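The structure appears right after this line, and notes come after that.
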Amino acid sequence: MLEEYKGKRNFKISPEPSGDNGSERKNEYIDKINLNPTTHDELATIHRFVFQKHKATHLHFDFRLESVKNNVLLSWAIPKGPSLDPSVKRLAIRTEDHPIDYLTFEGIIPKGNYGAGSVTVWDIGTFSLESEIDAKSSGKKPPHTTSLSEDISDIIHKKGKVTFNLYGQKIKGKFSLVKTRTSNQWLLIKHKDKYAIEVASKDNKNKNQKAESHNKPDLTETTHTNIVDDHTTKIQKNNCKVKEIAKEHYQTAECGCQLDETQKDITANNSSLNHLPKLIFFERVKPMLSCAADTAFNNRDWVFEIKWDGIRAITLVDKLTQTCKIKSRSGEDITYRYPELENAFKNAFMKNNFRDFVVLDGEIVLLDSKGYPNFQKHQKRMNVTSDRNIQYLSKIYPVVLYIFDILYLDGQNLTSYPFIQRRKILSHLFTTEKNGLIRISDFVEEAGLNVFETIQKMNLEGVIAKLKSSQYVEGIRSKSWLKIKNVKTQDCIIIGYTKGEGNRKNYFGSLLLAAIDKSSQNTTTINNPKLIFIGHTGSGFSCGVLSDIYEILRDLVVSSSPIDYVPYLNRHTIWVKPKVVIEVKFTDWTNNKIMRAPIFQRIRTDKSPSECTIENTIDTIIPIVKINERSRENDLTSNIFKNNNSKMNEISGSKDGLPVSNVEKEFWPQTKSHSSVTKGDLIEYYSKMYTHLLPFIIDRPLSLSRYPNGITGDAFYQKDWKTKRPGFVKTVKVYSESNNSAINYIVCNNQQTLRWLINLGCIEIHPWNSRVFDYDQCDNVNNVENDKCGLNYPDFIIFDLDPYINIDTQDESKEPLYNLESFKATVEIAYSLKRIFEDLKIKSFVKTSGKTGLHIFVPIVNYYTYDQTRQFAKVISQILNQRVPNKITTNWKTSDRKGKIFFDYNQNSFGKTLASVFSVRPVEGATVSVPLEWEKLDEINPQEFTLFNVPDVYRRSNPWVGLLSSKQNLEEILGRISSLDI
DNA sequence: GCCCTTA
DNA sequence: TAAGGGCAACGCCTT
DNA sequence: AAGGCG
């Protein structure tokens, strides 16, 4: 009987009853529920039930009914617990039978076990099966008994429906359990009787009485106090006031997540939310959400507002400090993004009728010149973080704030007031200017259909219907706020599909859609209508439809696109004959005439492709860019075609299985001297060279310089890695004075990381000149400069020689020759430097920068700080300047550098980097920074060393092999400087 | 946003 | 029933 | 390039 129960549990670990205590019914449970059976027979007729509160992964209720016949507890898990409202059906999932002992079980099921979490008895009592009870006496005189001949387990197996009366301390009255079509799913429904509480009814006298009573103390208080789950322990340890408040709030919220709105409001009223300091209230409050509804309606109890297409914003306006604070739907502080709103509030402070502060709910909207919301423009603003851009954008694209609710006023929580009253308060509060940035969102009573018609004509996003009497329910999708979206629909022709991922890998991921563009009819004939691409849809398919459509499409596959021009592809595409018609809904047309967020609705077997025309839309049609105008799109398209037979698999699959992307992407465009170099070529180069490269970058923080679109595309620097990364990628947090916080640097200590970096578009690698000593110490302001961290102690002194730049003669045709000339001049200086080093008996190493300069490394023991090595380098630069007067400059100013070699000793500083040895440089020719023998330096042209030949040239020898082990002592060297001949 | 799974 | 996870679209900004 | 947002 209890095999399933036993099989799921390990009774050596779990305190739950094993179910092996024999079958004797014990009096003790009966005693607990205050019955005094006098005979054994009477005892046998008593059927008991229990509701247990089970804090497992989710808080839920376990409902158990005793089957005397089988000596087990029939069990259901009820996520939301019982409801006393007959109109509320509660899902009950049938779970395995439990032993009778479980009736009074309370305890903690340890982590890792089945049902891990705490179990408490929430209500316990007896029940009687309905069929045995005289309807009149139902609920009045509990008979507590059921005939021995009928057992609940029989009814359940036979009928899939059972009705019974519960006689508990919290839960009383008639209930039914009804089986649904899906296996194991039942519904627990309260019948109408004197215990029922109908929340929905308006003339309900027991308004304040809860339909559900999860918050009542548990019956077994004493036992319960021993049951402490992780969460409460944690909270109990914090006893500062704020945390106490947080605790209360959390606990009500924890229950509240399962409550319906009426009860949620009541708990909010009773909680300390009413007295919260303003900041705490503001920070904690979550926006109330709305449920989706299909159609608008007319109803006296409702009001209707425009659904503004913008960004939800909760605002704290503080009159005392003359500030406002705006937070987004997710709780992020976004005040700084909208300086114009801050200003507007400042100006409004004098003119409003509140004393202290208010908390408002609204939507930030960017309006176009005609006053219509423009979300696409808004997107350009909403993620911008740089101050300058924010200021600029706030002037050219200012936003407005439509306020539609007030949650808090001068220390008073208004969330439990009826909506209509809150709106009254709100309208008395502000005198808003007609074209000011702070506006109150209008509403219309009753006439929802009219409002919807109007917003449809205006092409707005939709309407929100709000129940006049409703309270503000935080963070909940409440049915008292309904969104009715102005959705558009479109019949489309499927022209292709992409492969699905994850559990959709055996089907398609999305469908490529096309329709007939009426506006270009003049270029087409009736027999050959012009199909244009209008987007991908990947949502709205149920399991069955997914496979149905897939089966249909598989027979229609063709080798190339059935339409002339597809502006972009998001992944590998399989084309199909344009035969199948579907209907999708979508929110709007984007600027490129692509549907925004299209959702599959249904297959239209009743329509032919020729009927799929695009309806006229109000917004202006912006012509789609031609292929030639957008080379990037062109590239993407061709890449995807090429991928079928490309070396993508060769590179990603066979070598090490690390994922790479867009290997065919052109990173260096073709030139007279070389064909184009792809990202795949770059990956191949580094995979050949990693043994040479890795020793020079291990344990060194990296500054990434990224070129995701090749050397001609936009590039950016990146130091702080904030998002996720593969497990093999090491990082180190380094304290930064300028940020007054730690920067999380990438460290490349293995081949996989190198591959990952290259795939991110890091053409070159920029390591620090010092290594991490202890990865856990560098984020500490006190350690970052001492030897615990290690990063302040470089391994080499570096000299960066850059040839003169002649700004006047930037003529690309002369470039190679010109470069060689300046390189030769740099070599001369390098040799002079080398002679100084020889005089000082210093070992030095040279590499090309990969461009026209040279990098000279003097390896040292890492005992000296950057400040010391920089001083040393400065001394060397002075000596050099005396030996070769007027040939070098250490001045950054380019005018000063004209005709001279720039000798940069300032690179010997904390956090400064150079492109590492064997780095490919993002310049024409895909040249590489290569190490050289000093003697060979005047024989080579740095342009000769490219990503293509370096692996071969350096396969056998590496002039820098001894570098890392040649750790020289600066003090000895300094001793020799004084006796140096200039 | 939608579907599916989970309890 | 309803919350959470997985999978999709598009355009945008960020690093 | 990849993540995150609405």
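The values are calculated or read from the model by the stated rules, or taken from the named source; none is laboratory data. Predicted, not measured: the structure shown is a model, and the values here were computed from it. Methodologically, a virtual Cβ is constructed for each residue, glycine included, from the backbone with ideal geometry; neighbour enumeration extends over all protein chains shown.
Specify which of the listed residues (A:F304, A:F345) is more than 16 Å from DNA strand D (Cβ to nearest atom), surrounded by 16 or more Cβ atoms within 10 Å (Cβ to Cβ) and more than 27 Å from A:Q412 (Cβ to Cβ).
Answer to the selection: A:F304.
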Segments classed as strands (runs of 3 or more DSSP E), wholly inside the stretch A:54-125, with at least 1 members that are of a type in the set (S, T, Y) and within 16 Å of DNA strand C (Cβ to nearest atom): A:89-99
Boolean, A:V399 is touching a residue at least 12 places away in the same chain (Cβ under 8 Å), surrounded by fewer than 18 Cβ atoms within 10 Å (Cβ to Cβ) and within 16 Å of DNA strand D (Cβ to nearest atom): no
Subset tally (residues that are modelled with pLDDT of 85 or more, hydrophobic (A, V, I, L, M, F, W, C) and not in a helix (DSSP H, G or I)) for the stretch A:420-473: 12
Residue ID - surrounded by the fewest Cβ atoms within 10 Å (Cβ to Cβ), chosen from residues in the stretch A:663-681 that are touching a helix residue (DSSP H, G or I) at 6+ places or on another chain (Cβ under 6 Å) and hydrophobic (A, V, I, L, M, F, W, C): A:V663
Residue list for the stretch A:159-189, filter: under 44 Å from the mean Cα position of the chain (by Cα) and among the small types (G, A, S): A:G160, A:S176, A:S183
Residue count, the stretch A:300-358 (criterion: closer than 26 Å to A:L393 by Cβ, under 33 Å from the mean Cα position of the chain (by Cα) and of a type outside the set (K, R)): 30
Filter pass, A:R388 being of a type outside the set (G, A, S), under 27 Å from the mean Cα position of the chain (by Cα) and either more than 16 Å from DNA strand D (Cβ to nearest atom) or buried (at least 18 other Cβ atoms within 10 Å of the Cβ) (or both): yes
Residue match in the stretch A:871-879 (condition: over 15 Å from A:S832 (Cβ atoms), at pLDDT 90 or above, buried (at least 18 other Cβ atoms within 10 Å of the Cβ) and within 46 Å of the chain's Cα centre (by Cα)): no
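Could you tell me whether A:R477 is surrounded by fewer than 21 Cβ atoms within 10 Å (Cβ to Cβ), within 30 Å of A:D564 (Cα to Cα) and within 11 Å of DNA strand C (Cβ to nearest atom)?
It is false that A:R477 is surrounded by fewer than 21 Cβ atoms within 10 Å (Cβ to Cβ), within 30 Å of A:D564 (Cα to Cα) and within 11 Å of DNA strand C (Cβ to nearest atom).
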Complete set of residues in the stretch A:7-30 that are at pLDDT 70 or above, surrounded by 12 or more Cβ atoms within 10 Å (Cβ to Cβ) and either more than 44 Å from the chain's Cα centre (by Cα) or within 13 Å of A:N113 (Cβ to Cβ) (or both): A:K8, A:R9, A:N10, A:F11, A:I13, A:S14, A:P15, A:E16, A:G19
Restricting the stretch A:518-545 to residues that are at pLDDT 80 or above and away from DNA strand B (no atom under 16 Å from the Cβ), the residue that is surrounded by the most Cβ atoms within 10 Å (Cβ to Cβ): A:I534
Cross-chain or 6+ apart pairs with Cβ under 9 Å, the stretch A:945-972 first and outside any loop (DSSP other than H, G, I, E, B), then among the polar types (S, T, N, Q) and modelled with pLDDT under 90: none
Residue list for the stretch A:559-612, restricted to those being exposed (fewer than 15 other Cβ atoms within 10 Å of the Cβ), assigned to a strand (DSSP E or B) and either out of contact with any Phe, Trp or Tyr (no Cβ under 9 Å at 6 or more places or on another chain) or of a type in the set (S, T, N, Q) (or both): A:R602
Selected residue (criterion: farthest from DNA strand D (Cβ to nearest atom)) from residues of the stretch A:65-90 that are in contact with a Pro (Cβ under 9 Å, 6 or more places away or on another chain) and touching a residue at least 40 places away in the same chain (Cβ under 8 Å): A:N71
Test for A:T617: is it away from DNA strand D (no atom under 16 Å from the Cβ), polar (S, T, N, Q), outside any strand (DSSP E or B) and at pLDDT 85 or above: no
Every residue from the stretch A:433-467 that is more than 20 Å from A:D294 (Cα to Cα) and either in contact (Cβ under 8 Å) with a residue 60 or more places away in the chain or surrounded by fewer than 14 Cβ atoms within 10 Å (Cβ to Cβ) (or both): A:E433, A:K434, A:N435, A:G436, A:L437, A:I438, A:S441, A:D442
Qualifying residue in the stretch A:744-767 (condition: charged (D, E, K, R) and more than 13 Å from DNA strand D (Cβ to nearest atom)): yes
Filtered residues of the stretch A:144-161 (kept if closer than 17 Å to A:L187 by Cβ and modelled with pLDDT of 80 or more): A:I152, A:I155, A:I156, A:K161
So A:V358, is it touching a Leu at 6+ places or on another chain (Cβ under 6 Å) and touching a residue at least 12 places away in the same chain (Cβ under 8 Å): yes
Residue check for A:F354: surrounded by fewer than 23 Cβ atoms within 10 Å (Cβ to Cβ), in contact with a strand residue (DSSP E or B) (Cβ under 9 Å, 6 or more places away or on another chain) and outside any helix (DSSP H, G or I): yes
Test: residue in the stretch A:921-939 that is part of a helix (DSSP H, G or I), of a type in the set (A, V, I, L, M, F, W, C) and out of contact with any strand residue (DSSP E or B) (no Cβ under 7 Å at 6 or more places or on another chain): no
The stretch A:837-855 - residue that is over 45 Å from the mean Cα position of the chain (by Cα) and not charged (D, E, K, R) and, of those, surrounded by the fewest Cβ atoms within 10 Å (Cβ to Cβ): A:F837
Enumeration of residues in the stretch A:693-729 that are away from DNA strand C (no atom under 14 Å from the Cβ) and either within 25 Å of A:V663 (Cβ to Cβ) or within 22 Å of the chain's Cα centre (by Cα) (or both): A:L693, A:L694, A:I697, A:G710, A:I711, A:T712, A:P726, A:G727, A:F728, A:V729
A:G436 within 16 Å of DNA strand C (Cβ to nearest atom) and among the small types (G, A, S): no
Scope the stretch A:181-197; condition loosely packed, with under 14 Cβ neighbours inside 10 Å, touching a residue at least 60 places away in the same chain (Cβ under 8 Å) and closer than 29 Å to A:E96 by Cα; matching residues: A:N184
